[in-house]
Amino acid sequence: MQYGLFTMPSHPPECGLYDGHRWDLQTLRWADELGFSEAWIGEHHTAPWEPHPSPDLLIAQSLMETRNIR
């Protein structure tokens, strides 16, 4: 059986963009270590607690740092 992860970039409004990006990347690394084979990343621009302006960059970076998630 294969598993996938759907994640939303939900962070407290006081969390900066850099810290939120690092947290999301670490979450994808953990999912990869657990054997997940795919990840889906949500994107919102209007809510202050979902401030990920460029999920495509997160996807590109996670592809370099994971082995199973594609």
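Table for the structure above
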{"quantity": "Residue among S62, S37 that is crowded, with 17+ Cβ neighbours inside 10 Å and among the small types (G, A, S)", "calculated": "S62"}
{"quantity": "Hits in segment 29-67 (condition: part of a loop (DSSP other than H, G, I, E, B) and either of a type in the set (S, T, N, Q) or in contact with a helix residue (DSSP H, G or I) (Cβ under 8 Å, 6 or more places away or on another chain) (or both))", "calculated": "S37, G42, E43, T46, P51, H52, P53, S54, T66, R67"}
{"quantity": "Residue check for Q26: out of contact with any Leu (no Cβ under 9 Å at 6 or more places or on another chain), modelled with pLDDT of 85 or more, assigned to a helix (DSSP H, G or I) and not small (G, A, S)", "calculated": "yes"}
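The values are calculated or read from the model by the stated rules, or taken from the named source; none is laboratory data. Quick caveat, the model's predicted, so the values are computed rather than measured. Glycine gets a Cβ as well: all are built from the backbone with ideal geometry, and neighbour counts include every protein chain shown.
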